[in-house]
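*Asks:* The structure's right below; bear with me while I get my questions together.
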Amino acid sequence: MALRLPTQLATRGTFHHHLNNNSKSTMTAALSWRRTLSPDTPLIHSSTSLTTKKSYVQQMVTCSASGSTQAVNLAPGTPVRPTSILVVGSTGTLGRQIVRRALDEGYDVRCLVRPRPAPADFLRDWGATVVNADLSKPETIPATFVGIHTIIDCATGRPEEPIKTVDWEGKVALIQCAKAMGIQKYVFFSIHNCDKHPEVPLMEIKYCTEKFLQDSGLPHITIRLCGFMQGLIGQYAVPILEEKSVWGTDAPTRIAYMDTQDIARLTFIALRNEKVNGKLLTFAGPRAWTTQEVIALCERLAGQDANVTTVPVTVLRFTRQLTRFFEWTNDVADRLAFSEVLTSDTVFSAPMTETYDLLGVDAKDIVSLEKYLQDYFTNILKKLKDIKAQSKQTDIIF
C-alpha cells in the first residue's frame with residue numbers, strides 16, 4: 001500500500017485530486033476555482049467541479065490503495081476492532097458531542113486535533129486519546145489512522161482560513177488516505193440543500209465532497225444538517241441576558257435547529273444500522289424557526305426585551321460584492337455568500353418521518369428548541385440568582 005501525498009505545482013488554473021485504485025478503476029474528482037473581477041459571476045456547477053473567481057495553485061494528491069473493504073489486519077491475528085473510531089473536528093460544537101456519545105456507548109475514541117498552544121485536555125479527561133494532525137498538511141494524517149475502523153468527520157475550516165484549505169483539499173486528502181488504509185466506514189457531515197446553491201462556495205464544496213466520497217468506494221454515511229441549537233446561545237441568549245445588541249435580519253429564512261446531543265445519538269444509531277450504509281440522511285429539528293421567532297422566544301424565557309439591531313439583506317449583498325474586488329477579502333466574500341443564503345427565504349428543514357422509521361427512533365425523544373432554551377434559561381437564571389444571593393450575604397458579613 002503506497003501513499004503519495006501532495007506536491008505543489010507552480011501552475012495557475014485548476015487543481016485536481018486523483019485517487020488511483022490499483023484493484024479497480026481510477027477515480028478522479030476535480031475542483032476548479034476561476035475568479036474574475038465581476039462580483040456576480042455565477043458558479044458553473046457539476047457533480048465534482050466548482051468554478052468561482054480566482055486562480056489557485058495547482059495541487060495533486062494521489063493514493064494507491066486496494067479497493068477491498070474487508071477488515072484490515074495490523075499484524076497477523078490482530079484485526080481492527082469495530083469499536084475503534086477516529087473523530088475529526090473533535091473540539092467543535094458537534095465534534096465534542098460525538099466524542100462524548102461514543103465514549104458513553106463504549107467505543108474506543110481517538111480524536112484528531114491540530115497542534116495548538118492550548119491542548120484539548122478536556123477530551124483526555126473524558127477518556128479519549130488525542131493525536132495531532134492537520135488537514136492542511138496531508139502528510140500528518142496517515143499515522144492517525146492506524147488501528148481505526150471508523151472515521152467520523154465533523155471538521156470544518158476556521159473563519160480566518162480560505163474555505164478550500166480544509167473543506168476541500170483537506171477532506172479530499174482525508175478520504176483518499178482512508179481509502180488507502182482500508183478504513184471500513186466513513187461518516188461525513190454536510191449541509192442541507194448544499195446541492196441547490198452552487199453559487200455559494202462552502203455549500204458547493206460540501207456537495208463536491210459528498211460526490212467525491214460516494215465515488216471513492218468507501219463504505220460511508222453522509223448526514224446533512226440544518227443548524228445547531230447550541231449556536232443560538234451565544235448569538236441570542238447571552239446578549240439578551242447581558243443587555244447587549246442582538247444582530248438579526250429582516251429575511252424570512254426558517255431553520256430547523258437540532259440539539260447536537262440528538263445529532264450524536266442518531267449518528268451512532270445510523271452507524272450500527274447496516275441498512276443505512278451508503279445512504280444520504282438529513283437530520284432536522286421538530287420545527288423550522290425564523291430569526292425573529294427565536295429572538296421572541298429568548299425574550300419570553302429571559303423575561304426581558306432584546307436590543308435588536310436589524311441588518312437588511314441588501315447590506316449583506318452589497319458587502320459581499322464589495323469584498324469580491326479585493327484579493328485579501330475574497331474569503332470573507334465566500335463566507336458572506338453563505339450568510340446571504342441563510343438570510344434568504346430558504347427553508348432549512350426536511351421531513352423526518354422516514355428517517356425516524358429507518359433508525360427506529362421516536363420523534364418524541366428529539367428535543368425541541370423551546371425545551372432546549374427553556375432548560376438553558378432556567379439553569380442560567382437560577383445560577384445568577386444564587387450568585388446575587390451570595391453577594392448579598394458577603395456584603396452583610398463584611
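*Asks:* Name the pairs: first residue in the stretch 346-360 and open to solvent by 70 Å² or more (accessible area, probe 1.4 Å), second residue modelled with pLDDT under 95 and not in a helix (DSSP H, G or I), Cβ to Cβ under 7 Å, at least 6 apart or on different chains?
*Replies:* As it stands, the answer is V347/R254, since those pairs meet every condition given.
*Asks:* Kindly provide the set of residues from the stretch 240-254 that are open to solvent by 20 Å² or more (accessible area, probe 1.4 Å) and closer than 19 Å to Y372 by Cα, ordered by number.
*Replies:* Taking the stretch 240-254 as the starting set, the residues that turn out to be open to solvent by 20 Å² or more (accessible area, probe 1.4 Å) are 241-245, 247, 249-250, 252, 254.
L241, R254, listed by residue number.
*Asks:* If you don't mind, there's one more thing I want to ask. When you go through F188, F212 one by one, which is the residue that is in contact (Cβ under 8 Å) with a residue 12 or more places away in the chain, of a type in the set (F, W, Y) and in contact with a Leu (Cβ under 7 Å, 6 or more places away or on another chain)?
*Replies:* After ruling out the rest, the residue left standing is F188.
*Asks:* Further question on the same structure: Any idea which of (1) more than 14 Å from I163 (Cα to Cα); (2) crowded, with 22+ Cβ neighbours inside 10 Å is the one K211 doesn't satisfy?
*Replies:* (2) is the only condition that K211 fails.
*Asks:* I want to confirm something. Restricting to the stretch 255-277 and keeping residues that are among the small types (G, A, S) and in a helix (DSSP H, G or I), which single residue is surrounded by the most Cβ atoms within 10 Å (Cβ to Cβ)?
*Replies:* Initial filter on the stretch 255-277 (among the small types (G, A, S)): 256, 264, 270.
Now narrow it down to the ones that are in a helix (DSSP H, G or I): 264, 270.
Values: A264: 23, A270: 21.
Filtering the stretch 255-277 for residues that are among the small types (G, A, S) and in a helix (DSSP H, G or I), the one surrounded by the most Cβ atoms within 10 Å (Cβ to Cβ) comes out as A264.
*Asks:* Does the stretch 278-312 hold any residues that are under 20 Å from the mean Cα position of the chain (by Cα) and either surrounded by fewer than 17 Cβ atoms within 10 Å (Cβ to Cβ) or acidic (D, E) (or both), and which are they?
*Replies:* G278, K279, L280
*Asks:* How many of the residues making up the stretch 208-246 are β-branched (V, I, T) and either in a helix (DSSP H, G or I) or over 30 Å from V367 (Cα atoms) (or both)? Explain how you work it out, then say what you get.
*Replies:* Filtering the stretch 208-246 for residues β-branched (V, I, T) gives 209, 221-223, 233, 238, 240, 246.
Okay, now just the ones that are also either in a helix (DSSP H, G or I) or over 30 Å from V367 (Cα atoms) (or both), so 209, 233, 238, 240.
So the count comes out to 4.
The values are calculated or read from the model by the stated rules, or taken from the named source; none is laboratory data. Keep in mind that what you see is a predicted model, and the values were worked out from it rather than measured. Virtual Cβ from ideal backbone geometry, glycine too; neighbours counted across all protein chains shown. Areas reflect the complete protein model, heavy atoms only, side chains present, ligands, DNA and RNA absent. Shrake-Rupley method; radii C 1.70, N 1.55, O 1.52, S 1.80 Å.
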